[in-house]
Structure formats: structure tokens, C-alpha cells
Amino acid sequence: AQSVSQHNHHVILSEAASLELGCNYSYGGTVNLFWYVQYPGQHLQLLLKYFSGDPLVKGIKGFEAEFIKSKFSFNLRKPSVQWSDTAEYFCAVSARGNNRLAFGKGNQVVVIP
Amino acid sequence: GAVVSQHPSWVICKSGTSVKIECRSLDFQATTMFWYRQFPKQSLMLMATSNEGSKATYEQGVEKDKFLINHASLTLSTLTVTSAHPEDSSFYICSATSSGGRRAGVTDTQYFGPGTRLTVL
């Protein structure tokens, strides 16, 4: 079974700062990788995903993530955050051909205006 | 994007009663739906996988007789919490994927419902 690790559960930063959230998974086979965002009081929304191809994936709202297979990582980045990026971010992994998702514990990101 | 709804959005019930939560895919056919439970300040934990027309597959440690799942159509799955107790109070979230039948591009991506807050008194 897959497992997902997200570090630094609470992140506080100022507007215009850069954001990087780490995600590491443990699974020996081919995976699908996802980042979901949950804004306060809202449901989970897909931010970006990686299935195959270019390991640098661009998502919505200026986010991107890079899949590094050798490091079993799929870190999320945004060069300049806004107050509206305050949310909880979840990394998730599924084995290829299996839609069962394993989620990390999430990163609570607070952006100070 | 693909839209998934849940009903009700919140429910309060007495201990010992049963509660049914509905999950609907509004604009695509969901051959597979998933049910998660989210505790406060924690991640989502997969409870079960529901395939249309077949029995649900439960994750280890999830009581199938307590959490009854029915996926009777390609747009509807229900989760019934039977004989609910206060420890069942939680946020229940469903998600849905498609085989790609009517909407190409939704395969292997889960689209989540808004969740149902269950409080058992």
C-alpha cells in the first residue's frame, strides 16, 4: 500500500513570498500523483496532477509541482503567494490502474497580507 | 470540471439511529465512487470503494455492517451509518471517477463532494 508524507504541517508566510510544500511517497510501482487544495469552508479541489510525461506539472492559480522519481517526491511550488492561497493542501498518490488514493496529512498554509 | 454533490451537508442525530448520506455525480457517469472520513485537523481516510452494480470494497478496519454502501446507479452512491454512536461523528466525503464514457479526461482523477458533517448526540 502507498503512504504519503507531508512535512511542516503549519506554514505561515507573507504575501509575495515563495511557497514550497514537500510530498514524499512510498510505493515501488508506477504512480499517479495529485495535489488537492481545500479552501476554508470549501470542498477539496484538484490543483494539479501527474500521470506521465513531463515531470514538471503546471496547475491552476500559478501552482506547479515536480515529480522526481528517484526521490519519490512530488513537491508543490508557487513563486509568489497571495492572501487567497490561504488553505489546506493535500498531496495524494494512487497506484497506476488503481484509483484508491492515499492522502498525506496536509499542509495548513496561512498567507499574511 | 466534473461536479459531485452530497446531501445532506450536515446532519445531527441521536445515538442508535441510522443516517443516510447521498453522493451524486451531476454531469458525468461515475463508475466508481469513494467514501472518506476526515477527522478534525487530519487527512482523509479512505473507508471504501464503491463500484456501480457491485458490492463495495472496504478498507481494513472499516466495519461493513456499520457503514452500508450502495451504488445503485452511475450517478448515485449512498452511505448509511447504522446505529450511529458519538464516535461516528465526523466529516464524510465522497468522490467519484469515471471510466471516461461520456466525459473524456475524467478517468483516474477523483472529484470530491463538499462533504457531510455528521454529529451524533
Report whether or not B:Ser43 is within 16 Å of A:His43 (Cβ to Cβ), within 14 Å of another protein chain (Cβ to nearest Cβ), out of contact with any helix residue (DSSP H, G or I) (no Cβ under 9 Å at 6 or more places or on another chain) and free of Cβ contacts under 8 Å to residues at least 40 places away in the same chain.
yes
Mind telling me which of the residues A:Gln38, A:Gln45 ends up being of a type in the set (S, T, N, Q), in contact (Cβ under 8 Å) with a residue 24 or more places away in the chain and under 25 Å from B:Ala96 (Cβ atoms)?
A:Gln38
Of (1) farther than 20 Å from A:Val93 by Cα; (2) at pLDDT below 90; (3) touching a Lys or Arg at 6+ places or on another chain (Cβ under 6 Å), B:Ser43 satisfies all except one. Which?
(1)
So A:Lys49, is it within 9 Å of another protein chain (Cβ to nearest Cβ) and assigned to a loop (DSSP other than H, G, I, E, B)
no
Right, A:Leu76: within 11 Å of chain B (Cβ to nearest Cβ) and buried (at least 17 other Cβ atoms within 10 Å of the Cβ) or not?
no
Within segment B:1-25, of all residues that are outside any loop (DSSP other than H, G, I, E, B) and of a type in the set (D, E, K, R), the one surrounded by the most Cβ atoms within 10 Å (Cβ to Cβ) is B:Arg24
Counting residues that are exposed (fewer than 13 other Cβ atoms within 10 Å of the Cβ), which strands (runs of 3 or more DSSP E) fully inside segment B:26-92 reach at least 1?
B:67-73
Tell me, yes or no, whether segment B:112-119 has at least one residue that is more than 11 Å from every other protein chain (Cβ to nearest Cβ) and either assigned to a loop (DSSP other than H, G, I, E, B) or closer than 20 Å to A:Ala95 by Cβ (or both).
no
Residue list for segment A:33-46, restricted to those being within 7 Å of another protein chain (Cβ to nearest Cβ) and modelled with pLDDT under 90
A:His43
Of the residues that sit in segment A:1-27 and are touching a Lys or Arg at 6+ places or on another chain (Cβ under 9 Å) and more than 22 Å from A:Val81 (Cα to Cα), which one is surrounded by the fewest Cβ atoms within 10 Å (Cβ to Cβ)?
A:Ala1
Residues to consider are A:Ser70, A:Ser84; find the one that is surrounded by fewer than 17 Cβ atoms within 10 Å (Cβ to Cβ), away from chain B (no Cβ under 13 Å), at pLDDT 95 or above and in a helix (DSSP H, G or I).
A:Ser84
Run down A:Asn24, A:Asn8 and say which single residue is more than 11 Å from every other protein chain (Cβ to nearest Cβ), part of a strand (DSSP E or B) and more than 30 Å from B:Ser9 (Cβ to Cβ).
A:Asn24
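The values are calculated or read from the model by the stated rules, or taken from the named source; none is laboratory data. Note that the coordinates shown come from a computational prediction; the quantities given were computed from them, not determined experimentally. Cβ atoms come from the backbone with ideal geometry, glycine included; neighbour counts cover every protein chain shown.
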